[in-house]
Amino acid sequence: MSNINLEATVGGIPLPTCVYNASGPRSGASQALAKVATSSAGAILSKSATLEAQNGNPLPRVWHSDDNTASMNSEGLPNSGIDYYISSATIDEIFEDCDTKKPYLVSISGKTLADNLVMMDRIADAIASGEKRISGVELNLACPNVIGKPIIAYDFDQLRDILETISRKNYTFVLGLKLPPYLDGKHLQQAASIINEYSGMVSYVVCINTIGNALSVDPVSEAPFISSNGGLAGLSGPSSKFTALANVRQMRQQLKSEIDVIGVGGISTGEDVFLFLLCGASAVQVGTTHWKEGSKCFDRIVDELKQVLREKGYSSASECIGQLKSWSKEGARKTRAAKQRLKKKSGGASSSKTGLLGETKWILDAVLVLVVAVLLADKFGTISI
Ligand code: DHB
């Protein structure tokens, strides 16, 4: 069977596979990050660190919808503090059972610009004093859950300010920016144009963080599912995928080519990864699915991606990047034909899942009829049981 190459680069850093974990779920402790390290994930990304360790918001602070379409969180940045994530002891624990070489990236989300600068200074110092296993920094400019604080990357003066101040520090580590979803094309354009001014410093952007200011309401208790901040929280999971794809696509079109775009938002299958590659992602991160399924999701998603690429005749993930086609009648015809084939294969049901369920129901109905017939025959003395 042909081999599919899933290698990627993120801001010049080589990754063995183009799928890795998002900052947030299962990324706060070395034990959880060690599981990412031994999986098929192509990199390991820490929880967003603050200067000091903190507990975050009260529970419940995470919610998953019963139909698996949406999740919400308002964790309030629980984390062990920057010193934990950059200490050699922590990094030793992360790589303890891992013989593959994959990059470790540190996410930071300071409460102030000054905090971010102190954290970046500490990272630069750690690398300078020999901790070469820190491959890069993801600066989170998109956290929606710090109560009373705006999302930095929605405030373009603040965005320029922070990038300008960092640029004067001449850090040599690879720097990425985690961005919030832009829901207006002009806003996205403005953000891209500011980031382009710092293309010598910003190696990649990550699109998108959760869609902020969402609310899930419990019909039983008649209250929000999440306890803090009036229940307002960041939306993630499959329902965020379409906004994420659009942001990845537009950022890829508007950022200078030397800045990579990394996709995140609602990825749960290999096919999802393929869609993000087409829209211009160099690699993707998986958040909510990692939360729900654990680190084995990386093995599954990587296998599925290989299968999708093989079926479509690609030999590598990198050759799909940014190859989204324009809508065409011919493309639509192909899609209709593929749906027809699938329908035939599943015996007329709209998907193989319902097809299987339909078949099971038919068998159960048949067994029920048989049992009733036997009982009636027994009652009327035709047979004896
Ligand atoms: C949290 C949420 C985010 O979306 C983020 O980027 C960082 C932290 C949180 O609530 O902990």
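The values are calculated or read from the model by the stated rules, or taken from the named source; none is laboratory data. Everything numeric here is computed off the predicted structure, so don't read it as measured data. Reconstructed Cβ throughout: ideal geometry from the backbone, glycine too, with neighbour counts over all protein chains shown. In case anyone asks, the SASA skips ligands and DNA or RNA and just uses the protein heavy atoms, side chains included. Shrake-Rupley method; radii C 1.70, N 1.55, O 1.52, S 1.80 Å.
Data for the structure
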item: For Leu357: the one exception among (1) under 26 Å from Ser257 (Cα atoms); (2) among the aliphatic types (A, V, I, L, M); (3) modelled with pLDDT under 95; result: (1)
item: Selection count where residues are of a type outside the set (Val, Ile, Thr) and open to solvent by less than 10 Å² (accessible area, probe 1.4 Å), scope segment 134-160; result: 7
item: Residue in segment 331-347 that is at pLDDT 70 or above, closer than 29 Å to Ser257 by Cβ and either open to solvent by 30 Å² or more (accessible area, probe 1.4 Å) or assigned to a helix (DSSP H, G or I) (or both) present; result: yes
item: Single residue of segment 140-154 satisfying the filter (assigned to a loop (DSSP other than H, G, I, E, B) and modelled with pLDDT of 95 or more) that is farthest from the ligand (Cβ to nearest atom); result: Leu141
item: Condition met for Gly76 (free of Cβ contacts under 8 Å to residues at least 24 places away in the same chain and in contact with a strand residue (DSSP E or B) (Cβ under 9 Å, 6 or more places away or on another chain)); result: no
item: Residue tally, condition assigned to a loop (DSSP other than H, G, I, E, B) and among the aliphatic types (A, V, I, L, M), over segment 1-12; result: 3
item: Checking Ala142 against (1) touching a residue at least 40 places away in the same chain (Cβ under 8 Å); (2) over 18 Å from the mean Cα position of the chain (by Cα), the condition it does not meet; result: (2)
item: Per-region count, segment 282-298, residues hydrophobic (A, V, I, L, M, F, W, C) and open to solvent by 30 Å² or more (accessible area, probe 1.4 Å); result: 1
item: Residue list for segment 317-330, restricted to those being open to solvent by 80 Å² or more (accessible area, probe 1.4 Å) and either among the acidic types (Asp, Glu) or within 21 Å of the chain's Cα centre (by Cα) (or both); result: Gln323, Glu330
item: Candidates Leu188, Leu159, Leu179, Leu163 - the one that is within 21 Å of Asp260 (Cα to Cα) and within 14 Å of the ligand (Cβ to nearest atom); result: Leu179
